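The values are calculated or read from the model by the stated rules, or taken from the named source; none is laboratory data. Note that the structure is a prediction, hence the values are computed from the model and not measured. Cβ: placed from backbone, ideal geometry, glycine included. Neighbour counts: every protein chain shown. The area values use the complete protein model at the heavy-atom level, side chains included, leaving out ligands, DNA and RNA. Shrake-Rupley method; radii C 1.70, N 1.55, O 1.52, S 1.80 Å.
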Amino acid sequence: MSSEYRIGSQGLGRFVQAIWRHTGSSAREAELVAEHLVQANLAGHDSHGVGMIPRYMSSLAQGHLQLNTHVRVVKDAGAVLTLDGGKGFGQVVASEAMERGIERARQLGIAAVALHNAHHIGRIGHWAEQCARAGFVSIHFVNVMGDPMVAPFGGSDRRFGTNPFCMIFPRPGQAPLLLDFATSGIAYGKTRVAYNKGLTVAPGYLIDEQGRPTNEPKVMHEAPFGSLLPFGAHKGYALATLCEILGGALSGGQTTHDDTLQVTNDAIINGMTTIILNPDAFEAPAMQAEAEAFVDWVKASPESGDEPIQVPGEWEEMNRALRLQDGIPIDANTWQQICAAAQAAGMSQAELEDYRALARAESV
C-alpha cells in the first residue's frame, strides 16, 4: 500500500508562489507559475502540474531557466508576430505571447504568433483556454528542442520530443471544446508520475534501450534509457513531425538534431506556433447552433458501456469539479521532492512546516 497527500488548490497555490518568490521571482511571475501548475493538476494533468517544480529548480540551478524574463518582439508583420522567450518561465512568456496574439486577432480577425526559446510552457491547453476566454478559436503546434524522448514510427531510439498539439473552440456560457495531447502515446510527465508511485504503464507506450516493448516507466528515468512511442503508430508520428517543424523551425527556433541536443533534460525549451481566429470575422451566424447540434447528436448515441459519452474538454472539467471539492492528490515521493525544492529555494523550516500542515496523508 502506498501513500499520497491531498491538498486544497488555494493552499497549494500559495505554497508554489512562496517557493518561486524565495528563488527570486517577482510576485507576478510567482503568481503566474503557481496558477498554471495548480490548474494543470486541477484539470487532471498531474504530468504538467506541481510535480514539475523539482525539474524547474534544477534547470534554474544549471543556468537554463531565466527568472523575471519577458518576451521580446523579433518581428512584427501585422497579423504575424515572432517572439523570443529568452528562456524565461514559459508560464510567463507564453501568457504574454497569447495576450499579443489575442489583441491582433481582435483587430484583424486572425493572428499567427511564433514563440521560440521559451522555457517549458507546460500544459498547452492553458494557453488555448486563454484564447477561448477571449472568444477565439486557437490552434497550437509545439516542439521540445533538443530533448528527444520519442522513437519515430519504425525506429528504436529517441529522436524527438513529445511535441503537443492543441485546438480549442469557445462555447459561450459553458466549457469550450478542448483538444490537447502529446503526440507520444503518453506524456513524459505521466511516466514520472507512474515511476514515483511505483506503478507500471499500459502496454504499447514504451520501448527499452534495445527497442523491445516494456511497461516499466523506469526506462525513461534510469539509464540505460528507452523511448516513448508515438500515439496511433504512423499517424501520431506524422503529426509529431509537423509539430516539430511548425513549432520549432517556423517559430524561428530550432528543431531536434545533432547540433541542438541538450546535455541535460532538466532544461525544457519549447517552440510554439499558434494560429488565433476571431469567429466574428467569419460569415457564420449559425456557428454556435451548429456546434451544439453536433454535440447533442454525438451524445445521443446509445452508450456501449458504463462510461458516459464525453466531448473534448469534459474530462478536464470533471476533474476540476472533483479536485476543487476533494483536494489535489500528490503522491508521497513527489510531495517530498517539492518540499526539498522549497528548502533549496531558501524557505525556512518553520515556513515549510506551515505549508506541510495544509496537506493530509491518505493510503491508496
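Values for this structure:
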item: Label-reachable residues, segment 121-143, where backbone N falls under 17 Å from a point 7 Å from E290's Cα toward its Cβ; result: 137-138
item: Percentage relative contact order, segment 77-165, counting C-alpha pairs under 8 Å, at least six apart; result: 25
item: Paramagnetic reach from S26 in segment 50-85 [backbone N under 15 Å; point 7 Å along Cα→Cβ]; result: 66-72
item: Charged-residue dipole, Cβ positions (Lys, Arg, Asp, Glu), segment 111-214 about Cα centre, Debye nearest 20; result: 220
item: Given charges at Cβ of Lys, Arg, Asp, Glu: segment 166-256 dipole, positive-most of Y205, Q174, S251; result: Q174
item: Calculated [θ] (222 nm, deg cm²/dmol) that DSSP helices of n ≥ 4 give over the chain, each run adding -39,500 (n - 2.57); result: -12000 deg cm²/dmol
item: Net charge of Cβ neighbours under 15 Å - reference L60; Lys, Arg +1; Asp, Glu -1; result: +1
item: Heavy-atom accessible area per residue - the chain, 1.4 Å, Å²; result: 45
item: Taking the chain and dividing mean pair separation by its residue count, relative contact order in percent (alpha carbons under 8 Å, at least six apart); result: 25
item: Positive dipole terminus of segment 284-360, leading residue within W297, A357, G346 (C-beta point charges); result: G346
item: In nm, spacing of pseudo-spin labels at Q210 and V298 (7 Å Cα→C-beta vector); result: 4.3
item: The chain shape via C-alpha gyration tensor axes, a/c threshold 1.5; result: rounded
item: Farthest toward positive dipole pole in the chain [+1 Lys/Arg, -1 Asp/Glu at C-beta], among M149, Q262, A105; result: Q262
item: Most to least packed among 318-326, 162-170 [average Cβ atoms within 10 Å]; result: 162-170, 318-326
item: Span-like helix ranges in the chain, DSSP H, alpha carbon extent 24 angstrom or more, Kyte mean at least -0.5; result: 90-108
item: Distance in nm between pseudo-label sites at A233 and T264 (7 Å out along the Cβ direction from Cα); result: 4.0
item: Three-way shape call for segment 249-364 based on the alpha-carbon gyration tensor, with the a/c threshold at 1.5; result: oblate
item: Residues of type aspartates and glutamates that K87 reaches as a straight line, Cα spacing below 17 Å, ignoring anything fewer than 8 places off in the same chain; result: E29, E96, D147, D266
item: Accessible surface of segment 244-364 [probe 1.4 Å, protein heavy atoms]: carbon and sulfur percent; result: 54
item: Separation in nanometres of the label points that stand 7 Å from Cα toward Cβ, at A223 and E351; result: 3.6
